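Below you'll find the structure, written out as structure tokens, and then a few comments.
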Amino acid sequence: MNVLPLRKMTLAGLLAGLLIAPMQSVLAQDTVYPAEMSSNDIAGAIFDHPDTLVKGEGAATVKDITSLMSSDGRFASGMYLAGKSRWVIEEPYGVDEFMYFLEGGVTLTSSDGSVTTISAGEAVTIPKEWTGIWETEGYKKIWVIYSDDGSAFE
């Protein structure tokens, strides 16, 4: 007689485990957290993170870190630090990018010759179709990029 109640409890426990445990596991896996940039990160500490991409050396050093990548791979945000540079962009820019400049700035000369100058404390959004000349003495920016096919992040 003791066996039957034990089996019922075991079966009930087994069913509960089969039904509830996977749901708890799925819920735990689906938890999504905000991508925060603290004031220390914005001051530059974010570039000490091991995921920071570093290219070049000396004054030509560029540091780039992604703080958030969307699950579909089309949207991302992060910070970028660069020294003096000049780029001629003859092919369309390729992504829609919002930039808020924390330090320094950039001069953007569009292909028609019009000039847009952005300084620290200002922001600009560049459409993916933009072409022109990008000139800077150096800057630190927060960036947000949308790439409709996700290719910008491959």
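Observations on the model:
- Within the straight-line cut-off of under 20 Å between alpha carbons, the lysines reachable from residue 55 are 63, 84, 140, 141, sequence neighbours fewer than 8 places apart in one chain being disregarded.
- Residues listed by number, the stretch 65-93, amide nitrogen under 12 Å from residue 52 label point at 7 Å toward C-beta: 65-66, 79-82
Every read-out reported here was derived from the displayed coordinates using simple, explicitly stated rules and does not represent laboratory data. Source: prediction; values computed, not measured. A quick note on method: Cβ atoms are made from the backbone with ideal geometry, for glycine too, and the neighbour counts reach across all protein chains shown.
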